[in-house]
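These notes concern the structure reproduced below.
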Amino acid sequence: MNSPIKKVVVLGGGTSGWISAALLKKILGSAIQLELVESDDIGTIGVGEATIPPIKHLNNVLGINEAEFLRETKATIKLGINFENWKSQGHSYLHSFGAAGKSLAFCHFHHLLKRANQLEDDSHLWQYDLNYLCAKAGKFAQIKSKDPIIELPYAYHFDAGLYAKFLRKFSEKLGVIRTEGLVEHVEQCPNSGHIKSLKLKNGQTVTGDLFIDCSGFRGLLIQEKLRTGYEDWSHLLQCDRAIAVPSERLEKTLPYTRSIAHAAGWQWRIPLQHRNGNGIVYSSSHCSEQQAMDTLMGNLDSKAIADPKVIKFQTGRRYKQWNKNVIAIGLSSGFLEPLESTSIHLVQSAVVRLAHLFPHQGIDSSLVDEFNKQSATEFEQIRDFLVLHYHATERTDSDFWQDMRHMKIPDSLAHKIEIFKQSGRLFREQNDLFTDSSWLQVMLGQGIVPQDYHPIANTMSDEKLAEMLRKVKEIKQAPIDKLPSHDEFLKIFCRQ
Ligand SMILES: Cc1cc2nc3c(=O)[nH]c(=O)nc-3n(C[C@H](O)[C@H](O)[C@H](O)COP(=O)(O)OP(=O)(O)OC[C@H]3O[C@@H](n4cnc5c(N)ncnc54)[C@H](O)[C@@H]3O)c2cc1C
């Protein structure tokens, strides 16, 4: 079987199913017919509420009105993630979406700051970061400045259920056909093994040329049918359980996610307009379900409004995310725990990759291989960034943290850490989702202190350096007083 791809079937109506349907239909338009199958009986995972800034590109491509989006999904603004107790108990740092200070050509700002710190200056990196300053002041507005160092990159927190509904409405307007029904049988071509059709419990048959498997962790097509296999990374990212519970909203809405480390994992707090999302992620080898439940429920800062839900997962990725005529997107393609809110982004980037490599003439192995190569690299780069948070810690207070400190980490990460430790230099692999600024903040935040700085930082006199830092700090702090509070922003903006 290798006929032109005219009809695409998306199996699954969770976040990944609806992003895939909306984006593919928007990009490919009448070049494809698109049908999405989902089962109300099975439902969706119901978590996945924090995002990263590239989601704004997704919304722009889809032509989504931002005020409507914020209103309909009860979204709030996210300027970064506050990591508490990760380096040591009582310590915290913000991984902000911004970039601190002002860099010179070939010399990042932190080299200049390091030199200044060796003189008389005792300021820290985040004092030069507008995202940090706004996050801590609880302020926000979209800033448009001619000065390139004044920018305030942001993402959103939203209600996962409302987001899927929002995208469904949007996709249906674009011409996506939605079919409700439980897939009970999958028919394959006897020769090629390609999927031919899905048979639903109600007797309906859904045929297609290309199938996007968004069926969640089970991977109904990619795994249960095609037996693609899974590369297990749980030796690197040892957390394998989560418990999620919503709670009442707090009076003041923080413009950032909180990630609070515990003895055997960590807890998230995601502020939404109408409630808070909470959950704990933990390692079942280091902590029982009851202990995790007690930690979570004992640490809520408002009343729970639903029963807690336990979710099991295995960190890793499918050996091939595209196999035959099936492309796994979302939880079916692999899972990296939610520490840096990357899963929804991985969905977006997989769909964009597919749109670029779309096999309109039929399945072509060179396109398949390229897709799989790019997807594998993307997963590995994010995995390394997540491992950094666990491994670079001073915590010794539990078996979990001892294991994290002593685990063997990927060579790619060890190399990055070593270079930074020795020289303060950062380098970004091609297409790495995380910028130098992200790597820098997490390395410093987790307690990795560079021993040296770039010699370009010595080319300025002491006085000139002090003057430059003073000015940059002033420029970065200037907008704060003029900005509304995050809550005021939401109130005014959502009315538009
Ligand atoms: C604890 C936790 C926290 C997370 N937090 C974040 C976060 O903060 N940020 C982030 O970006 N991501 C996060 N994620 C990931 C995020 O939840 C997922 O990436 C996202 O929800 C996409 O899920 P999905 O659509 O792939 O799967 P699901 O939501 O599980 O959807 C599966 C779909 O398949 C359908 N289906 C399955 N079997 C059948 C069948 N036989 N017939 C018909 N339909 C079927 C179901 O009905 C459903 O519609 C988190 C994940 C976990 C586990």
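Brief remarks follow.
- Taken over the alpha carbons of the chain as equal point scatterers, the Debye sum produces base-10 log I(q)/I(0) values at 0.05, 0.11 Å⁻¹ of -0.20, -0.97.
- Mean-position separation - Cα centroids, the range 160-177 and the range 261-294, in angstrom: 30
- For the chain, relative contact order (Cα pairs under 8 Å, six or more residues apart, normalised by length) works out to 23 percent.
- Accessible-area composition of the chain, carbon plus sulfur, in percent [1.4 Å probe]: 49
- Karplus 3J(HN,Hα) series, Hz, for the range 291-302 with 6.51 cos²θ - 1.76 cosθ + 1.60 (x for Gly, Pro): 4, 5, 4, 5, 5, 4, 5, x, 10, 6, 9, 7
- Shown here: the range 244-312, whose C-alpha atoms stretch 36, 22, 19 Å along the first, second and third principal axes, sorted largest to smallest.
- Net charge contributed by nearby residues that have their C-beta within less than 10 Å of Val9 (K/R +1, D/E -1): -2
- Put a plus charge on the Cβ of each Lys and Arg, a minus charge on the Cβ of each Asp and Glu, and nothing anywhere else: the dipole of the range 244-312 about its Cα centre is then about 220 debye.
- Ordering of 285-293, 233-241 by packing is 233-241, 285-293, highest average first (other Cβ atoms within 10 Å, averaged per residue).
- Residues of the range 256-271 with amide N under 20 Å of the 7 Å Cα→Cβ point at Gln402: 262-266
- Partner lysines for Lys312 [C-alpha distance under 29 Å; skip if fewer than 8 residues away on the same chain]: Lys74, Lys78, Lys87, Lys165, Lys199, Lys201, Lys225, Lys303, Lys320, Lys324, Lys373, Lys408
- Per residue, the accessible area of the chain comes to 42 Å² when a 1.4 Å probe rolls over the protein heavy atoms.
- Annotation: amide H-H contacts under 5 Å for Asp452 (H modelled 1.01 Å from N, sequence separation of 5 or more, or interchain): Ser423, Gly424.
- Net charge of Cβ neighbours under 13 Å - reference Asp462; Lys, Arg +1; Asp, Glu -1: -1
- Each stretch of four or more DSSP H residues adds -39500 (n - 2.57); spread over every residue of the chain, this sum gives -10500 deg cm²/dmol at 222 nm.
- Zone of Ser88's modelled label, taken as backbone nitrogen in the range 411-451 under 14 Å from a point 7 Å along Cα→Cβ: 445-449
- Between Thr459, Gln290, Tyr390, the Cα set farthest toward the positive side of the dipole of the chain (charges on each charged residue's Cβ, about the Cα centre) is that of Thr459.
The values are calculated or read from the model by the stated rules, or taken from the named source; none is laboratory data. All figures in this text were calculated on a predicted structure; none of them were measured in a lab. Neighbour counts are summed over all protein chains in view; Cβ atoms, including those assigned to glycine, are modelled from backbone coordinates with ideal geometry. Surface areas here come from the heavy atoms of the whole protein model, side chains and all, with no ligands, DNA or RNA. Shrake-Rupley method; radii C 1.70, N 1.55, O 1.52, S 1.80 Å.
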